Each structure stands twice: as C-alpha cells, then as structure tokens.
1. I'd like the residue in region A:69-109 that is among the hydroxyl-bearing types (Ser, Thr, Tyr), part of a strand (DSSP E or B) and at the interface with another protein chain (Cβ under 9 Å from one of its Cβ atoms) and, out of all such residues, is nearest to A:Gly16 (Cα to Cα).
2. Could you say whether any residue in region B:74-81 is at the interface with chain A (Cβ under 8 Å from one of its Cβ atoms), in contact with a strand residue (DSSP E or B) (Cβ under 7 Å, 6 or more places away or on another chain) and outside any strand (DSSP E or B)?
3. Can you name the residue in region A:4-21 that is more than 12 Å from A:Thr85 (Cα to Cα) and at pLDDT below 95 and, of all such residues, is farthest from the other protein chains (Cβ to nearest Cβ)?
4. Considering only region A:19-35, how many residues are crowded, with 16+ Cβ neighbours inside 10 Å and in contact (Cβ under 8 Å) with a residue 60 or more places away in the chain?
5. Checking B:Gln25 against (1) over 26 Å from A:Gly102 (Cβ atoms); (2) modelled with pLDDT of 95 or more; (3) polar (S, T, N, Q): exactly one of these is not met. Which one?
6. If we scan region A:50-61, do we find a residue that is within 14 Å of another protein chain (Cβ to nearest Cβ) and hydrophobic (A, V, I, L, M, F, W, C)?
7. Look through B:Arg68, B:Arg17 and report the one residue that is over 10 Å from the mean Cα position of the chain (by Cα), basic (Lys, Arg), more than 28 Å from A:Tyr86 (Cα to Cα) and surrounded by 14 or more Cβ atoms within 10 Å (Cβ to Cβ).
8. Kindly establish whether B:Asp38 is out of contact with any Pro (no Cβ under 6 Å at 6 or more places or on another chain) and without any contact (Cβ under 8 Å) to a residue 12 or more places away in the chain.
Amino acid sequence: RKEVEQDPGPFNVPEGATVAFNCTYSNSASQSFFWYRQDCRKEPKLLMSVYSSGNEDGRFTAQLNRASQYISLLIRDSKLSDSATYLCVDYSSASKIIFGSGTRLSIRP
Amino acid sequence: DAGITQSPRYKITETGRQVTLMCHQTWSHSYMFWYRQDLGHGLRLIYYSAAADITDKGEVPDGYVVSRSKTENFPLTLESATRSQTSVYFCASSVLANEQFFGPGTRLTVL
C-alpha cells in the first residue's frame, strides 16, 4: 500500500459545481498535511494547510479525518481556473515528506 | 527578482556524464529541498538541507550529490548520469520545512 494515495481522476465537472476529493494516508502518527495544486508542466504551489479542526479559504475547504486516515479538499462554485492537478502531502519531518501522485481536475464551461 | 529559480530549465545529456542543476532562492529560507517527479510516483525527496553546510538524504538519494556552502544556493549534481535519472527536478525552499515554495523545475533527459 502506498503511504499516500489519491484517485488519479480525472474529475470532469461543469463550471459552478462543487467537487470534492480525498487522499488517504497510511501513517497513523502523521500530524501535518497540505494540499498543493500543480498546473500542467509547472511547479506545485501551496494551496492550503489541513488542520485538525478543518479550515476554509474562500471557495476551498480542507478537512482531516484521523479515524479513517484521510484528508479531503472541497471546491465550491468551481471556476475554469481551478483546472489543475491537486497533490496532497503528508508531512512528518524535513526528511519524511510524502506527496501523493495527484488528482486531476478538469472544469468544463 | 525575489523568489526561487532553477537553471538550466531544460537539459539533455548522455549516460555517464556529470550534470549539475542549480537552485537559488532570495528569501533566506533555512530549508531547501530537491525532488524528482516521475509519472506514477508523485514527487520524491532526493536531498534536503536545514541550513548552510547541513545536508541530509531523502527517500531517493542514490546517484546524487548536494552541497550548500551558502544559504541561497543548493546545487544538485548527478555524478554519472543514468537513463533512470531522466525526470523533472524541482527545488523548493521553506522557513520551517513544512510549507514549501517550489522553483519552476528542470527537465532533464539522459540519453
């Protein structure tokens, strides 16, 4: 089993829709998680941190479910510009940073 | 300009040659990292550095060498390139190692 697993997608949704995807992790001791977005052939960019209590940044909501060992990302009122690959990250220390392979999201007009 | 830069952006080399990828950041971040990204694997940590003159291995360090004599620079050297090292290489920097900022990447092809 991979340490961090994501559905590769693609998720193909219409503009304005709400979309959510999950990321499961295997290390029950993991403490910190992040979501990055990566546009085609570009560098990953930090989207948001994932706190135990959940956090929201505009149209984006990230949540952590420790019991089931997954994190989620919810995007409301999706825009064409949200089309990208979303990477989840399990951060334990500087030497142990595990990236998921990413979930591709495509927003159609 | 402030930020994190990588050079070259594209590199083609031959098996057995030595190649050095450069990374430069202007934020004075303590931490710097090198990753490779391959289809189906996500980003994998090669080496990282917590400060000048302090470096340590990541998940996939074999075949790579790093140094960090100055805070702002973190070069990655492939001592004898192999075809399996064909990849996209990303450098990143961070204040505390967790939230990282990535450079634009170097696409390396080893023939």
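The values are calculated or read from the model by the stated rules, or taken from the named source; none is laboratory data. Here the structure is a predicted model, which means the values were calculated and not measured. Positions of Cβ are generated from backbone atoms using ideal geometry, with glycine treated the same way; all protein chains shown enter the neighbour counts.
1. A:Tyr91
2. no
3. A:Glu5
4. Summing the residues that are crowded, with 16+ Cβ neighbours inside 10 Å and in contact (Cβ under 8 Å) with a residue 60 or more places away in the chain in region A:19-35 gives 6.
5. (1) is the only condition that B:Gln25 fails.
6. Yes, that holds for at least one residue.
7. Among B:Arg68, B:Arg17, only B:Arg68 is over 10 Å from the mean Cα position of the chain (by Cα), basic (Lys, Arg), more than 28 Å from A:Tyr86 (Cα to Cα) and surrounded by 14 or more Cβ atoms within 10 Å (Cβ to Cβ).
8. Judged against the criteria, B:Asp38 is not a match.
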